[in-house]
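The values are calculated or read from the model by the stated rules, or taken from the named source; none is laboratory data. Just so we're clear, the structure is a prediction, and the values are computed from it rather than from any experiment. Virtual Cβ from ideal backbone geometry, glycine too; neighbours counted across all protein chains shown.
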Amino acid sequence: MTRFAAALLLAAAFLAGPAIAQDNSYPSETWTVPYSGKYNEFPPCETESIRARVAQRFSATRNEYWSEPTEILSITNVRQIGFRPEGLSYIPRLYCEGVATTNDGVKRRVVYSIIEEAGMSGIGYGVEYCVVGLDPSNAYAPACRAAYP
């Protein structure tokens, strides 16, 4: 009898799971204090400090993990490609893309997102990026598609 009760309890918990895990349709800034979710408070995609952060992190990663001295010399033709496309209940993100010129003379597409309150210790803006053709771990495969909105 106890095995039956345990199996019944387990089945009830399993069936109740999808009902509990519903998407919260409220904006994230209403249920998580630090998010403003205001588009005009995001730094624009063209902001030099954001582009410099992408270039610095790219160079550090290439040197430290892949032992390759590849660096981004410049990021040009920057444009916004999305703002909060996942919906209101996700952390606010601004998606950007541009053309990165690396020190080997090749121009490659770079995709990056500016994430609200995702900086060090949750202070400031965080940045995630992917350079098409230079993602050896395939973190955003295929061809950085997972970095797009």
Cβ pairs under 8 Å, 6+ apart or interchain, first in the stretch 129-149 and free of Cβ contacts under 8 Å to residues at least 60 places away in the same chain and farther than 18 Å from R51 by Cβ, second assigned to a loop (DSSP other than H, G, I, E, B) and aromatic (F, W, Y), ordered by first then second residue, are A146/Y140
Those strands (runs of 3 or more DSSP E) lying entirely in the stretch 53-149 with at least 2 residues small (G, A, S) = 72-83, 93-102
Hey, among the residues in the stretch 85-115 that are touching a helix residue (DSSP H, G or I) at 6+ places or on another chain (Cβ under 8 Å) and at pLDDT below 90, which one's nearest to F42 (Cα to Cα)?
-> P92
Consider E64 against the criteria (1) touching a strand residue (DSSP E or B) at 6+ places or on another chain (Cβ under 8 Å); (2) at pLDDT 90 or above: it satisfies all of them except one. Which criterion is unmet?
-> (1)
All conditions in (1) among the hydrophobic types (A, V, I, L, M, F, W, C); (2) touching a Cys at 6+ places or on another chain (Cβ under 9 Å); (3) surrounded by fewer than 18 Cβ atoms within 10 Å (Cβ to Cβ); (4) in contact (Cβ under 8 Å) with a residue 24 or more places away in the chain are true of V99 except (2)
If you scan the stretch 84-94, which residues turn out to be buried (at least 20 other Cβ atoms within 10 Å of the Cβ) and within 17 Å of Y129 (Cβ to Cβ)?
-> R93, L94
Mind listing whichever residues of the stretch 73-100 are in contact with a Pro (Cβ under 7 Å, 6 or more places away or on another chain) and within 11 Å of P149 (Cβ to Cβ)?
-> I81, G82, R84, P85, Y95
Going through the stretch 41-70 in order, the residues found to be acidic (D, E) and surrounded by 12 or more Cβ atoms within 10 Å (Cβ to Cβ) are E46, E68
